[in-house]
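One structure is given below, encoded as structure tokens.
Just so it is clear, none of the values below were taken in a lab; they were calculated from the coordinates. These figures come from a predicted structure and were not determined experimentally. Note that each Cβ is placed from the backbone with ideal geometry, even for glycine, and that neighbours are counted across all protein chains shown.
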């Protein structure tokens, strides 16, 4: 029972960090609605979080926090990639589209996995949230409690991404209307560009 508290605190903290609307969540939701290998996308995102959280809990967070210049290359790369992806979303919004069948797969497994990795790993925020933030917070716990905190954060990641994955499928009927796709693509494009701008500002300030 003594280890349940750090687990729940890790779950709550990790969940609070990943629930915020961002590039990764917008991407997962979009692929889920398209039914485009969405469960594989959820698995890749959750596994990436698990690895990064583990690195933070094991002490890498302290190293990154003490060397902010490590963040600058990732900030530049992430800004450029998200700007490009946002442009593609705006172009899709102008073009329009709708779901024509119950099962729609528009991208190969290899391509969607690579795109998911890019969306996840080219965004420095994921490193700040997982390695630095959660790694630093886990340092407040002693012994095995630190690992239970990390396990709680990993659990929150899996729960959240699969919630998005199955939630998107429930929304699929709405996306048989072209106007709904235009709204989603526009929101995704705005999200990507806002985050890209923040990453650009971060890169310039480091």
Full-stretch length increase - residue 144, residue 109 - with 0.36 nm per residue and alpha-carbon distance subtracted: 8.8 nm
Order by protection proxy (mean Cβ within 10 Å, highest first), peptides 138-146, 50-58: 50-58, 138-146
Simple spin-label estimate for residue 183 and residue 3 in nanometres, 7 Å along Cα-Cβ: 4.6 nm
Distance in nm between pseudo-label sites at residue 90 and residue 39 (7 Å out along the Cβ direction from Cα): 3.7 nm
Ranked by how many other beta carbons lie within 10 Å on average, peptides 156-164, 127-135 from highest: 127-135, 156-164
Relative packing of peptides 82-88, 178-184, 43-49 - highest average C-beta neighbours within 10 Å first: 43-49, 82-88, 178-184
